[in-house]
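**Student:** Mind looking over this structure? Questions follow.
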């Protein structure tokens, strides 16, 4: 589990607790394949509405380190944990 | 008369009610095939309306028009190259923003378009009110509210579509405007592209080049390499300006436009108490209740499918075998008679008695679950387990299908995103004990050794699936992909759509499996008539007798098993002239387990091989086949030695 420090506001999506919301800052895609590296799963995520600046709410995560259930732009998505670890958000302060 | 023919394409996200609309429009006049040379489905149908014969093409459900998947590529090319008279964009009103993101891409393709604002009822229940007229103004395209499942708005939709085509009215959709920096560069590239001849509109090509679209880059570089490199430089400039890749910037800005339009056109009534759908979702994905409900429903499904299948399978085969004397009187009992009955008719009977009883109910239940939305919840819950063999949650669906029959399971692997995962999932499904293998496990080990031994074989099977799946996952090159899946709101499935999907799947199965089963039966019958079976069994005896410790005649039964696995048991009874296998000399409990293990894994049946060839080509299909032969034989031999040691 990632520890959150008070200064560090940018955390992976997996660090959010159930019900917490964050603003997406970046997607750290895997090994880049030169230009056009945005065309893999990063592109897919963005097509599903996960673009920088978007509010993402983690509803819950499946047990045993399973996928995350998130709400984004009014739709409910299931997101594999490996993918969610590469999505970085800024936690919204109350 | 040629003018009276129109083509309308349906395009939209997955799970927006597109196929329901398609069924409403075309009724029974439809057929499903594949896009030329591709394993992507192409659904087409016709209807008559106001004197026109209208061809409706149902494009695959997709979220974007990039090159992420084959489906997206095919849809994009179809719209740009084949130019349907109009595209009906089917939109889920309850998830307007994301759907509009797709609409904007259709608009960028500069195709005539009209929107079916579907699932208005679901949106209303979620507290979303959409002003369709306002949306129409904002987008600059006609918007017709529909509730496809109840048939509401479909006539108006069709009328509007035909009106627009007839009047050749120039519909001026909104222009998708990006930020200033991006627009400047789009203009630059557009100017360069205008000079070349290409099936996509120039501005679209410019946007896609900046996004780094592989297909368009490839096509354009063939004409003018200069354009591509200029676009690359410009894209880098944008990247430096924004700190994000150009494709991120463009996608974000396109979503921004979609978001603005959605916010203006929809009113969110403060959510009241959670809806029924919402509560159902929470319960079915909960870590305790979710898994319990899943386990219970799966058990219920298997139990009812197998009870029903067993019963109707026997009924059907009794019915068919009642015709045997009739055929004997027609063709005699000589060689011709044997070939006609044993080769052709028995092949058909085999197909029918397996296909109808098990596959049909399995498919019906599966599509009910899919349409209702429960399947995606199962995938959510099973994602973690599937990851252990390098697949993700969606792969659980074909695996589950495999318990009914491996053939539809292999075809069902199409839902996976990449070729690698399709192959991996298909390989795993061929190891799943299908209905025919269940007959062997229960009919031999279960009956003569007790149900606990049969259950143990199932556990061993699961372990083997796990081990081999993992091995294949490690050896196949490529990266594993993660689950990205929409979980749409629960809804009542549309019975007609479910039945139609079942029907199409069934015909697909018949087309693949039946010819192979018939040819296979004929070949084996020929061998039998010519007296070749025993020599073959002798040739196989070093494996069957020496290595596996089985009676020599099992060689023959295993040959028959290639047609259908349960024939291994049927033939064993025929050749031993008894169904009480416990009395047979040299066929004790150890041999029963070894025989069943080998029968379970030794080869995918001929129909499954056919399905593999169709989906992955000869080379991969044969590789899987040979691998499984070697694997099963080794496994059987090791099991024999271990069991003898233990006994």
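The values are calculated or read from the model by the stated rules, or taken from the named source; none is laboratory data. These numbers were taken from a predicted model, which means no experiment stands behind them. Neighbour counts are summed over all protein chains in view; Cβ atoms, including those assigned to glycine, are modelled from backbone coordinates with ideal geometry.
**Student:** Can you find even one residue in the stretch B:582-589 that is within 30 Å of residue B:23 (Cα to Cα) and either assigned to a helix (DSSP H, G or I) or over 38 Å from the mean Cα position of the chain (by Cα) (or both)? Walk me through how you get there before you give the answer.
**Tutor:** Restricting attention to the stretch B:582-589, the residues satisfying the condition of being within 30 Å of residue B:23 (Cα to Cα) are none.
The answer is no; no qualifying residue exists.
**Student:** Grab the helices (runs of 4 or more DSSP H) fully contained in the stretch B:163-278, keeping just those with 2 or more residues being surrounded by 12 or more Cβ atoms within 10 Å (Cβ to Cβ) and within 35 Å of the chain's Cα centre (by Cα). Steps first, answer last, please.
**Tutor:** Values: elements: B:180-194, B:202-211, B:214-223, B:225-242, B:246-265.
Here the list reads B:202-211, B:214-223, B:246-265.
**Student:** I want to confirm something. Restricting to the stretch B:44-74 and keeping residues that are surrounded by 24 or more Cβ atoms within 10 Å (Cβ to Cβ) and out of contact with any strand residue (DSSP E or B) (no Cβ under 6 Å at 6 or more places or on another chain), which single residue is nearest to residue A:76 (Cα to Cα)?
**Tutor:** B:63
**Student:** While we're on this one: Here is a list: A:55, A:3, A:35. Which entry is modelled with pLDDT under 85 and more than 8 Å from every other protein chain (Cβ to nearest Cβ)? Before you say what the answer is, go through the steps one by one.
**Tutor:** Numbers: A:55 fails: modelled with pLDDT under 85; A:35 fails: more than 8 Å from every other protein chain (Cβ to nearest Cβ).
Being modelled with pLDDT under 85 and more than 8 Å from every other protein chain (Cβ to nearest Cβ) holds for just one of A:55, A:3, A:35, which is A:3.
**Student:** Scan the stretch B:558-589 for residues that are closer than 17 Å to residue B:546 by Cα and crowded, with 18+ Cβ neighbours inside 10 Å and jot them down. Show your work before the answer.
**Tutor:** Taking the stretch B:558-589 as the starting set, the residues that turn out to be closer than 17 Å to residue B:546 by Cα are B:558, B:585-588.
B:558, B:587 - these are the residues of the stretch B:558-589 that are closer than 17 Å to residue B:546 by Cα and crowded, with 18+ Cβ neighbours inside 10 Å.
**Student:** A follow-up question, please. Those residues that are out of contact with any strand residue (DSSP E or B) (no Cβ under 8 Å at 6 or more places or on another chain) and surrounded by fewer than 23 Cβ atoms within 10 Å (Cβ to Cβ), I need them from the stretch B:101-121; list them, please.
**Tutor:** Applying the first criterion (out of contact with any strand residue (DSSP E or B) (no Cβ under 8 Å at 6 or more places or on another chain)) to the stretch B:101-121 yields B:101, B:104-105, B:108-110.
B:104, B:108, B:109, B:110, listed by residue number.
**Student:** Let me ask another. Being crowded, with 24+ Cβ neighbours inside 10 Å and under 16 Å from residue B:69 (Cβ atoms) is the requirement here; does residue B:409 meet it? Even if it seems obvious, please write down each step before you answer.
**Tutor:** Values: crowded, with 24+ Cβ neighbours inside 10 Å: yes; under 16 Å from residue B:69 (Cβ atoms): no.
So residue B:409 fails the test.
**Student:** Report whether or not residue B:369 is touching a helix residue (DSSP H, G or I) at 6+ places or on another chain (Cβ under 7 Å) and within 14 Å of chain A (Cβ to nearest Cβ).
**Tutor:** Working: touching a helix residue (DSSP H, G or I) at 6+ places or on another chain (Cβ under 7 Å): yes; within 14 Å of chain A (Cβ to nearest Cβ): no.
Considered against the rule, which asks whether it is touching a helix residue (DSSP H, G or I) at 6+ places or on another chain (Cβ under 7 Å) and within 14 Å of chain A (Cβ to nearest Cβ), residue B:369 comes out as no.
**Student:** Continuing with this model, one more query. Among the residues of the stretch B:518-570, which ones are farther than 12 Å from residue B:606 by Cα and in a loop (DSSP other than H, G, I, E, B)?
**Tutor:** Applying the first criterion (farther than 12 Å from residue B:606 by Cα) to the stretch B:518-570 yields B:522-558, B:566-570.
If the condition is that a residue be farther than 12 Å from residue B:606 by Cα and in a loop (DSSP other than H, G, I, E, B), then B:530, B:531, B:532, B:548, B:549, B:550, B:551, B:552, B:553, B:566 are the ones that fit.
**Student:** Moving on to the next point. For the subset of the stretch A:75-89 comprising residues that are at pLDDT 90 or above and facing chain B (nearest Cβ under 7 Å), which member is nearest to residue B:384 (Cα to Cα)?
**Tutor:** Looking at the filtered set, the residue picked out is A:80.
**Student:** Return the only residue of B:57, B:91, B:16, B:95 being outside the structural domain of residue B:205 (by TED's automatic domain parsing), assigned to a strand (DSSP E or B) and under 30 Å from residue B:129 (Cβ atoms). Steps first, please.
**Tutor:** Working: B:57 fails: under 30 Å from residue B:129 (Cβ atoms); B:16 fails: assigned to a strand (DSSP E or B); B:95 fails: assigned to a strand (DSSP E or B).
Residue meeting the stated conditions: B:91.
**Student:** Can I ask one more? Return yes when residue B:25 is over 25 Å from residue A:44 (Cα atoms) and crowded, with 23+ Cβ neighbours inside 10 Å and no when it is not.
**Tutor:** Working: over 25 Å from residue A:44 (Cα atoms): yes; crowded, with 23+ Cβ neighbours inside 10 Å: yes.
For residue B:25, the condition - over 25 Å from residue A:44 (Cα atoms) and crowded, with 23+ Cβ neighbours inside 10 Å - is met.
**Student:** Given the options B:388, B:394, name the one that is within 14 Å of chain A (Cβ to nearest Cβ), at pLDDT 80 or above, within 27 Å of residue B:609 (Cα to Cα) and surrounded by fewer than 16 Cβ atoms within 10 Å (Cβ to Cβ).
**Tutor:** Details: B:394 fails: surrounded by fewer than 16 Cβ atoms within 10 Å (Cβ to Cβ).
Checking each option against the conditions leaves just B:388.
**Student:** Count, please, the residues in the stretch B:447-460 that happen to be under 33 Å from the mean Cα position of the chain (by Cα) and within 21 Å of residue B:581 (Cβ to Cβ). Can you show your working first?
**Tutor:** Kept after step one, since they are under 33 Å from the mean Cα position of the chain (by Cα), are these residues of the stretch B:447-460: B:454-460.
Of the ones still in play, those that are also within 21 Å of residue B:581 (Cβ to Cβ) are B:454-458, B:460.
Final tally of qualifying residues: 6.
**Student:** Still on this model: Among the listed residues B:598, B:633, B:590, identify the single one that is in contact with a helix residue (DSSP H, G or I) (Cβ under 7 Å, 6 or more places away or on another chain) and touching a residue at least 60 places away in the same chain (Cβ under 8 Å).
**Tutor:** Values: B:598 fails: touching a residue at least 60 places away in the same chain (Cβ under 8 Å); B:590 fails: touching a residue at least 60 places away in the same chain (Cβ under 8 Å).
Only one candidate qualifies: B:633.
**Student:** Can you find a residue that is out of contact with any helix residue (DSSP H, G or I) (no Cβ under 6 Å at 6 or more places or on another chain), within 11 Å of another protein chain (Cβ to nearest Cβ) and at pLDDT below 90 anywhere in the stretch B:260-270?
**Tutor:** yes
**Student:** Residues being within 14 Å of chain A (Cβ to nearest Cβ) and at pLDDT 95 or above: count how many of those fall in the stretch B:65-92. Break it down into steps so the answer makes sense when it comes.
**Tutor:** Our first condition is that a residue be within 14 Å of chain A (Cβ to nearest Cβ); within the stretch B:65-92, this holds for B:65-73, B:75-76, B:91-92.
Cutting the leftovers down to at pLDDT 95 or above gives us B:91-92.
Of the residues in the stretch B:65-92, 2 are within 14 Å of chain A (Cβ to nearest Cβ) and at pLDDT 95 or above.
**Student:** Let me ask something additional. Please pick out the residue among B:455, B:411, B:468 that is modelled with pLDDT under 90 and part of a helix (DSSP H, G or I). First the steps, then the outcome.
**Tutor:** Working: B:455 fails: modelled with pLDDT under 90; B:468 fails: modelled with pLDDT under 90.
Every option except B:411 fails the conditions.
**Student:** Mind checking which residues of the stretch B:492-517 are modelled with pLDDT of 85 or more, over 21 Å from the mean Cα position of the chain (by Cα) and either surrounded by 17 or more Cβ atoms within 10 Å (Cβ to Cβ) or within 14 Å of chain A (Cβ to nearest Cβ) (or both)?
**Tutor:** Matches in the stretch B:492-517: B:516 only.
The rows are residues; the columns are (1) within 30 Å of residue B:374 (Cβ to Cβ); (2) modelled with pLDDT under 95; (3) in contact with a helix residue (DSSP H, G or I) (Cβ under 8 Å, 6 or more places away or on another chain); (4) within 12 Å of another protein chain (Cβ to nearest Cβ).
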{"residue": "B:186", "(1), (2), (3), (4)": "no, no, yes, no"}
{"residue": "B:194", "(1), (2), (3), (4)": "no, yes, yes, no"}
{"residue": "B:199", "(1), (2), (3), (4)": "no, yes, yes, no"}
{"residue": "B:215", "(1), (2), (3), (4)": "no, yes, yes, yes"}
{"residue": "B:219", "(1), (2), (3), (4)": "no, yes, no, no"}
{"residue": "B:222", "(1), (2), (3), (4)": "no, yes, no, no"}
{"residue": "B:225", "(1), (2), (3), (4)": "no, yes, no, no"}
{"residue": "B:254", "(1), (2), (3), (4)": "no, no, yes, yes"}
{"residue": "B:277", "(1), (2), (3), (4)": "yes, yes, yes, yes"}
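**Student:** Still on this structure, please answer the following. Here is a list of conditions, (1) in contact with a strand residue (DSSP E or B) (Cβ under 9 Å, 6 or more places away or on another chain); (2) within 14 Å of chain A (Cβ to nearest Cβ), and residue B:148 meets all of them except one; can you say which number that is?
**Tutor:** For residue B:148, the exception is condition (2).
**Student:** Does any residue of the stretch B:154-173 turn out to be touching a strand residue (DSSP E or B) at 6+ places or on another chain (Cβ under 6 Å) and within 23 Å of residue B:65 (Cα to Cα)?
**Tutor:** Within the stretch B:154-173, one or more residues are touching a strand residue (DSSP E or B) at 6+ places or on another chain (Cβ under 6 Å) and within 23 Å of residue B:65 (Cα to Cα).
**Student:** If you scan the stretch B:20-42, which residues turn out to be closer than 22 Å to residue B:80 by Cα and either at pLDDT 90 or above or not assigned by TED's automatic domain parsing to the domain that holds residue B:123 (or both)?
**Tutor:** Residue satisfying the conditions is B:22 alone.
**Student:** A follow-up question, please. Which of the residues spanning the stretch B:293-326 are under 27 Å from the mean Cα position of the chain (by Cα) and exposed (fewer than 12 other Cβ atoms within 10 Å of the Cβ)? Before the answer, list the steps.
**Tutor:** Here is the first cut: in the stretch B:293-326, the residues under 27 Å from the mean Cα position of the chain (by Cα) are B:293-310, B:312-313.
Within the stretch B:293-326, B:295, B:296, B:299, B:300, B:303, B:307 qualify.
**Student:** Can you tell me which condition residue B:101 does not meet? The list is (1) within 26 Å of the chain's Cα centre (by Cα); (2) under 23 Å from residue B:23 (Cα atoms), and all the others hold.
**Tutor:** Going through (1) within 26 Å of the chain's Cα centre (by Cα); (2) under 23 Å from residue B:23 (Cα atoms) one by one, residue B:101 breaks only (2).
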